[in-house]
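Q: Please read through the structure below; I'll follow up with questions.
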Amino acid sequence: MQIQQLSVFVENKPGRLAEITEALAEAGVDIRAISVADTSDFGILRVIVDKPKQAVETLKSHGMTVSLTNVIAVGFDDRPGCFASAVRLLADKGFDMEYMYAFISRDKGRAYVIIRVSQGEKAAETLKANGFFILEQSDLDAM
């Protein structure tokens with residue numbers, strides 16, 4: 001029930017993000033979500049794509065440092081309080097959240113969040129058992 005996220009080490013210099021996204025575009029890889037955590041010298045680019053293994057091969061062939069990480073893509077009804085109830089559920093069950101970021105979708109009435117959480121598979125099962133929609137890697141192909 002988890003999906004794969006690319007984590008790319010990025011030097012903090014002009015044009016580096018353009019090089020990464022252009023390499024993915026040339027390989028026919030579609031970006032679904034993206035987040036950057038940075039310092040003054042480098043950053044970690046987190047990316048959800050439709051073809052993660054192909055993206056890793058592409059970026060490595062361009063000399064980039066990249067790895068795959070399992071994360072959860074959680075879908076919520078797009079209304080106040082729904083996200084809060086999911087976060088509360090995870091907290092009450094003892095899951096530690098490392099980070100999260102938004103995921104844009106064409107699915108009207110639904111909002112998505114990418115969450116990196118301890119015991120990811122168990123956390124995804126807990127959310128699903130409580131009525132939350134969990135995206136599978138195959139769902140990304142249809143988006």
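Q: By per-residue mean of other Cβ atoms within 10 Å, what is the highest-first order of 69-75, 131-137?
A: Per-residue Cβ counts within 10 Å, averaged per peptide and sorted highest first, yield 69-75, 131-137.
Q: Give me the percent of accessible area attributable to carbon and sulfur for region 1-60, probe 1.4 angstrom.
A: Answer for region 1-60: carbon and sulfur cover 51 percent of the accessible area.
Q: Given Lys51/Lys122; Lys53/Lys122; Lys13/Lys122, which pairs have Cα atoms separated by over 27 Å?
A: Pairs exceeding the cut-off: Lys13/Lys122.
Q: Under a 5 Å amide H to amide H cut-off, with H placed in plane at 1.01 Å, what residues pair with Arg32 once short-range neighbours are removed?
A: Close amide H contacts, sequence-distant or interchain: Ile48, Val49, Asp50.
Q: State, to one decimal in nm², a quarter of the convex hull surface area for the C-alpha atoms of region 52-130, i.e. the direction-averaged projected area. Each step should come with its number before you reach the end.
A: Working: hull surface 25.2 nm².
With the hull built on Cα positions only, its mean projection is 6.3 nm².
Q: Computed from the coordinates I sent, Cα Rg over 2.2 N^0.38 Å equals one of (i) 1.23; (ii) 1.08; (iii) 0.96. Tell me the label.
A: So the structure-derived entry is (ii).
Q: If the elastic network links every pair of Cα atoms under 10 Å, which of Asp30, Asp96, Asp41 fluctuates the most in the Gaussian network model of the chain?
A: Highest fluctuation among the options: Asp41.
Q: Also, I was wondering about something else. I'd like the FRET efficiency for Ile31 and Met97, computed as 1/(1 + (r/R0)^6) with the beta carbon distance as r and R0 of 25 Å, rounded to 0.05. Provide the component values of the computation, followed by the final result.
A: Numbers: r = 23 Å, r/R0 = 0.92.
In this case the efficiency is close to 0.60.
Q: Counting helices only, and only those DSSP H runs with n ≥ 4, report the 222 nm mean residue ellipticity of the chain as the sum of -39,500 (n - 2.57) divided by its residues, in deg cm²/dmol to the nearest 500.
A: Computed mean residue ellipticity for the chain: -9500 deg cm²/dmol.
Q: Roll a 1.4 Å probe over the protein chains and send me the accessible area per residue for the chain in Å².
A: With all protein chains present, the chain gives 54 Å² per residue.
Q: Using a 10 angstrom cutoff on alpha carbons, build the Gaussian network for the chain and name the most mobile of Ile114, Ile104, Ile48.
A: Maximum among the listed residues: Ile104.
Q: When the Karplus curve 6.51 cos²θ - 1.76 cosθ + 1.60 is applied with θ = phi - 60°, which whole-Hz ³J(HN,Hα) does each residue of region 34-47 get, with x for Gly and Pro?
A: 8, 8, 10, 10, 9, 10, 5, 9, 8, x, 10, 8, 9, 9
Q: Give me the percent relative contact order of region 46-143, please, defined on Cα pairs under 8 angstrom at least 6 residues apart. Intermediate values should be presented prior to the final figure.
A: Values: 112 pairs, mean separation 32.1, N = 98.
After rounding, I find 33 percent.
Q: So how far apart, in nm, are the two label points at Gln137 and Ile104 if each is 7 Å from Cα heading toward Cβ?
A: With each label placed 7 Å out from Cα toward Cβ, I get 2.5 nm.
The values are calculated or read from the model by the stated rules, or taken from the named source; none is laboratory data. Since we're looking at a predicted model, the values are computed, not measured. Cβ coordinates were reconstructed from backbone atoms using ideal geometry, including for glycine residues, and neighbour counts include every protein chain displayed. Just the protein is used for accessible areas: all its heavy atoms, side chains included, with ligands, DNA and RNA removed. Shrake-Rupley method; radii C 1.70, N 1.55, O 1.52, S 1.80 Å.
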